[in-house]
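Some notes on the structure that comes next.
Laboratory data are not the source of any read-out in this text; all were calculated from the coordinates shown. The shown structure was predicted, so the numbers you read here are calculated from the model rather than taken from an experiment. Positions of Cβ are generated from backbone atoms using ideal geometry, with glycine treated the same way; all protein chains shown enter the neighbour counts.
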């Protein structure tokens with residue numbers, strides 16, 4: 001009998017509000033070591049709020065734990081210092097700054113360890129060689145796909161212990177989405193746990209070991225993608 | 001596994017300076033203007049001396065507004081604090097100029113810390129209104145606290161810049177020392193911009209949430225930007241009172257804020273050379289247009305509008321343009 005894989009990230013009854021509006025209701029999810037877990041759901045379901053709540057960017061009740069220890073509430077700096085790193089929706093790249101400066105900011109907490117910086121930079125440029133060709137280019141002048149690569153690369157520069165990705169496919173062409181998903185699969189295979197929020201369910205389900213379905217702020221299902229005979233099966237959860 | 005580009009790590013990180021001749025143009029033009037004023041002396045030297053004081057003020061404003069993308073209409077308050085503190089300490093308490101100036105800067109930074117801690121929780125227009133109030137309150141204190149500031153009469157007989165018993169009285173001497181201080185201020189701003197803290201300012205300016213997600217303490221970074229800008233403003237205020245030899249509440253009124261904003265936007269907000277070229281140009285423009293007599297203000301306004309239409313990111317942006325190659329979709 002094999003032991004259950006360790007839970008890296010776990011939320012229990014995590015609830016988030018924006019003023020009087022409850023955007024997330026008692027969400028229980030977990031991500032195990034080496035897992036890529038997808039969170040699917042229609043627009044406005046609360047998927048981004050879930051990530052914001054874990055990071056401490058939203059007002060919450062309930063708990064989010066990392067390696068069994070509760071993450072601080074409403075203190076995203078403390079949360080990210082534990083290695084929980086968010087790639088935000090819309091990429092959040094610093095447009096007027098160069099690709100190089102964006103990557104340096106990813107390693108903000110590193111201070112002056114040049115050898116470690118070089119190691120991380122080498123890893124990121126190996127994963128996204130196109131960034132290496134554009135280091136002195138302003139980030140805002142790159143294509144959407146390249147900006148998404150930069151956003152992921154910048155997050156990797158902080159040497160995350162888990163990566164939270166908010167709709168990395170947003171606004172990208174299918175070919176570029178496939179390329180981004182391929183890179184995420186590489187990271188997953190390297191053992192980096194990933195929590196992937198995505199509206200484009202087919203792309204996410206190809207990568208994910210498990211998927212949560214979030215509708216109107218509530219987790220309505222936890223699925224094994226292999227059990228889905230067709231993506232139409234998801235629709236019953238969206239409209240339940 | 002794909003291979004890395006065949007470059008050194010320093011080149012990859014984009015750390016090598018790549019000065020192009022065009023980038024040097026604002027510096028060359030600024031040096032020529034200051035050099036001309038130094039040779040000619042007299043009135044034009046005084047005009048450029050005031051412009052150099054504004055270079056320090058606007059460089060600080062640029063750190064807070066251009067780099068950290070925050071709004072402050074109250075930097076005149078810190079210039080006033082620095083200026084009045086130095087004026088009072090040198091005239092009433094007979095302090096030497098340099099320690100008085102340093103005390104003025106420290107006072108402004110302490111006040112900025114007390115004000116900034118609660119105020120910087122505000123954002124956008126709310127922060128702008130709060131900072132505007134700081135400037136107005138400081139102005140009222142300068143008017144009403146007559147036992148210390150002498151109200152509207154102001155304080156005269158403020159000693160000129162100098163170290164120990166050596167006083168710099170001549171136009172050219174003041175111009176030389178102000179050129180050094182202004183260059184030092186610009187150099188410090190450039191060092192800040194390329195530092196870890198400077199990159200945090202820029203990140204905060206681009207997206208607070210993205211900065212937070214990277215582990216940047218946004219509140220602390222904002223406060224540091226505010227304090228640094230306050231120190232620059234206080235230095236400018238102290239320089240001003242020792243160059244003019246007189247201070248009254250009007251010196252640090254709303255006019256100073258409007259002039260500082262004009263210099264910042266015309267020169268180029270967010271750029272290193274912008275405050276320098278902006279302060280020199282905006283100070284010289286009325287002198288250049290003096291020949292138009294009654295129509296001077298009309299031409300001044302028209303010139304500003306044209307500059308902002310054809311150089312919306314400021315004059316320095318023409319020269320600091322980054323590489324923009326590659327695809328974009």
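The calculated FRET efficiency for the pair residue B:28 and residue A:67, based on their C-beta separation and a Förster distance of 60 Å, comes to about 0.55.
Looking at chain A alone, DSSP beta bridges between its own residues are antiparallel in about 60 percent of cases.
Calculated [222 nm] ellipticity per residue, helices only, for chain A: -10500 deg cm²/dmol; basis is -39500 (n - 2.57) per DSSP H run with n ≥ 4, divided by all residues, nearest 500.
Within 10 Å of the Cβ of each residue in B:198-211, the mean number of Cβ atoms contributed by other protein chains is 5. Given in Å, the Rg to one decimal and the Dmax to the nearest whole number for the Cα atoms of chain B are 20.7, 76. With the cut-off at under 20 Å, measuring from each backbone N in the range A:148-170 to a point 7 Å along the Cα-to-Cβ line of residue A:179 picks out A:148-157, A:166-170.
The distance separating the Cα centre of the range B:248-322 from that of the range B:54-90 comes to 17 Å. Every Cα-Cα pair of the range A:139-240 was included, and the share exceeding 15 Å stands at 65 percent. Projected onto their three principal axes, the Cα atoms of the range A:91-159 cover extents of 31, 21, 18 Å, largest first.
Take the alpha carbon gyration tensor of chain A, find the square roots of its eigenvalues, order them as a ≥ b ≥ c, and report rounded if a/c is under 1.5; if not, report prolate when a/b exceeds b/c, else oblate.
On the way: a/c = 1.58, a/b = 1.37, b/c = 1.15.
The shape class here is prolate.
Centre-to-centre, using Cα atoms only, the range A:99-143 and the range B:163-228 are separated by 25 Å.
When the helices of chain B are scored as -39500 (n - 2.57) per DSSP H run of n ≥ 4 and the total is divided over every residue, the value at 222 nm lands at -22500 deg cm²/dmol.
Taking Cα atoms only, the orientation of helix B:97-119 departs from the longest principal axis of chain B by about 60 degrees. With each label modelled as a point 7 angstrom along the Cα→C-beta vector, the residue A:190-residue B:250 pair spans 6.6 nm.
Placing a label point 7 Å from the Cα of residue B:126 along the Cα-to-Cβ direction, the residues of the range B:198-219 with a backbone N closer than 19 Å are B:205, B:207-210, B:212, B:218-219.
The Cα-based radius of gyration and maximum Cα-Cα distance (Dmax) for the protein assembly as shown are 27.8, 95 Å.
Relative to the longest principal axis of the Cα atoms of chain B, the long axis of helix B:75-91 makes an angle of roughly 40 degrees. If a/c stays under 1.5 just call it rounded; otherwise compare a/b with b/c (prolate if a/b is bigger, oblate if not). Do that for the range B:79-222, with a ≥ b ≥ c from the square roots of the Cα gyration tensor eigenvalues. Oblate, since a/c reaches 1.5 and b/c is not below a/b.
With respect to chain B, whose longest principal axis is taken over its alpha-carbon atoms, helix B:254-267 is tilted by about 30°. Hydrodynamic radius of the range B:100-185 by the Kirkwood approach over all distinct alpha-carbon pairs: 16.1 Å.
Spin-label model, residue B:163/residue B:220: points 7 Å from Cα along the beta carbon direction are separated by 3.5 nm. Of all DSSP beta bridges in the protein assembly as shown, what percent run antiparallel (nearest 5)? Around 60 percent antiparallel, to the nearest 5. Considering only alpha-carbon pairs that sit under 8 angstrom and 6 or more positions apart, the relative contact order computed for the range A:91-159 is 56 percent.
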